[in-house]
Amino acid sequence: MSGFEVSVDWLRFTIPSIEVKEVVSRFFGTFRESQVSRNGYTKAFFLENADRGQLAIFTGKKGSREVHVDISGKVVGGWTYEFIQALCAWVRDHNGHFGRIDVAFDDKVSPVTLETVEAALRAGQAVKRSKKWRKVEESDEENQTTGLCLYFGSRQSDTFVRAYDKAAEQRSAGIAIDGKWHRWEVELKNSRSDVFGRALACLTAEDFKKFSVGILRSAIDFRDTSYSEEAWERCTAKILPWWEELTEGFKKARLAVQKIQKKIEDVKQWAAMSLAPILAVLAASPDAGQQWIEKMIVTGPDRWKQRHYDLLNRKPKRTYVLGARV
């Protein structure tokens with residue numbers, strides 16, 4: 001649905017035993033190796049030119065082959081859902097566990113305001129996991145509001161939710177934004193993020209959106225109730241119309257992918273690290289061989305999409321039609 005977007009906004013995982021080179025090879029880009037001292041790790045690999053984001057891979061614990069990976073929103077936000085899903089399945093298959101996953105819900109069209117949300121909170125219409133909430137408002141020297149954020153729960157808890165004026169945040173950073181842009185974020189950690197990551201490895205894109213909205217509503221829900229009612233009455237009261245409209249919009253949202261231009265050198269490094277071993281197997285196999293590989297190369301351009309042409313700085317020669325020759 002136009003005006004609503006959903007995206008994975010943070011990804012953190014740990015694999016108990018693996019070669020760090022195998023982990024590095026899962027990602028595009030050039031990594032810089034550094035010596036560190038963090039939670040027992042002594043070595044790190046940082047993705048260069050990450051557009052102010054971070055992809056950090058930590059290893060080097062004494063007597064351990066453990067590898068820890070931390071990926072911020074500015075990096076993971078540039079990946080397709082299919083890439084994220086495949087990565088989560090790979091982590092699961094290597095007995096890894098997820099330590100943090102954030103999901104962001106962007107609303108650019110609904111009539112719901114943060115003032116609407118605050119009024120419902122004060123009226124006791126919020127059925128939420130945590131009893132606490134707080135409001136943070138920022139202003140400039142002329143007392144003009146430059147930021148507004150509502151926090152639900154503790155940042156140290158396994159589920160933390162915030163809703164804020166993303167448009168005001170961007171404008172205060174000098175970025176021109178027209179119209180409304182409110183963002184809801186769910187931050188999952190520890191066992192809850194691990195369950196979510198394992199589900200993400202299996203869910204279709206459509207089911208992922210519905211599942212994510214379910215996680216949001218399990219943390220905070222807005223219903224036609226008040227503080228004076230019993231707990232069971234509050235939990236079974238009718239959903240407020242504005243909240244139902246907003247969350248239904250998130251269920252039908254577009255999966256957001258930031259436009260990040262990859263370079264041919266990034267693809268070459270990824271192919272050398274990730275594809276070379278399996279290509280060598282195919283070349284040596286009597287059921288494939290060099291001739292089969294060359295055939296795949298010749299027919300491959302039939303399936304190029306815009307991102308492939310972008311790497312070559314070419315315009316598409318034809319529209320890809322599903323079912324082209326193989």
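Before moving on, here are some points about what is shown:
- Nonpolar atom fraction for the stretch 37-122, defined as the carbon and sulfur part of the 1.4 Å probe accessible area, stands at 47 percent.
- Of all the options S172, S25, S72, the one that moves most in a Gaussian network model of the chain with Cα springs shorter than 10 angstrom is S172.
- The residues of the chain have, on average, 56 Å² of accessible surface per residue, using a 1.4 Å probe with all protein chains present.
- Model label points for S130 and K238, set 7 angstrom from Cα along the Cα-to-Cβ axis, are 3.1 nm apart.
- Rotationally averaged projected area of the stretch 14-154 (alpha carbon convex hull; nm²): 12.8
- Residue-level accessible surface for T59, protein heavy atoms, 1.4 Å, Å²: 20
- Shape call, the chain: gyration tensor on alpha carbons, a/c limit 1.5: prolate
- Extension reserve of the A205-E115 stretch, reckoned as 0.36 nm per residue once the Cα distance is removed: 29.3 nm
- Dipole-positive endmost among Q35, T80, V91 within the stretch 1-106 (Cβ charges, Cα centre): Q35
- In sequence order, the stretch 139-144 has phi-based couplings of 9, 8, 5, 9, 6, 8 Hz under the Karplus curve 6.51 cos²θ - 1.76 cosθ + 1.60, θ = phi - 60°, and Gly or Pro positions carry x.
- GNM result for the chain, Cα springs below 10 Å: residue of H308, H94, H182 fluctuating most strongly: H308
- For the pair V36 and K252, label points projected 7 Å from Cα toward Cβ lie 4.3 nm apart.
- Residues S17 and L312, FRET efficiency given R0 of 30 Å [Cβ-Cβ distance, rounded to 0.05]: 0.15
- The stretch 1-123 - charge dipole about Cα centre, Lys and Arg +1 at Cβ, Asp and Glu -1, debye rounded to 20: 640
- Gain on full stretching of the segment that runs from T146 to F46 - 0.36 nm per residue minus C-alpha separation: 32.7 nm
- Cα centre as origin, Lys/Arg/Asp/Glu Cβ charges: the stretch 133-219 dipole, Debye: 500
- From the alpha carbon centroid of the stretch 94-108 to that of the stretch 1-48 is 14 Å.
- Comparing Cα centroids, the stretch 215-247 and the stretch 139-178 end up 24 angstrom apart.
- Most fluctuating residue given options I84, I101, I177, as computed from a GNM of the chain linking Cα atoms under 10 Å: I177
- Basic side chains Lys and Arg get +1 at the Cβ, acidic Asp and Glu get -1 at the Cβ, and with that the dipole of the chain about its Cα centre reaches some 900 debye.
- Converting phi to 3J(HN,Hα) with the Karplus coefficients 6.51, -1.76 and 1.60 and the offset θ = phi - 60°, the stretch 85-101 yields 4, 5, 5, 5, 5, 5, 4, 4, 5, 9, 6, x, 9, 9, x, 6, 9 Hz in sequence order, with x at every glycine or proline.
- If R0 equals 35 Å, the separation of the Cβ atoms of I293 and A89 corresponds to a calculated FRET efficiency of about 0.85.
- Förster-model FRET efficiency, 56 Å R0, A123 and D302, C-beta, rounded to 0.05: 0.45
The values are calculated or read from the model by the stated rules, or taken from the named source; none is laboratory data. As the structure is a computational prediction, the values presented were derived from the model and not from experiment. Cβ sites come from the backbone with ideal geometry, for glycine too, and all protein chains shown count toward neighbours. All accessible areas refer to the heavy atoms of the entire protein, side chains included, with ligands and DNA or RNA removed. Shrake-Rupley method; radii C 1.70, N 1.55, O 1.52, S 1.80 Å.
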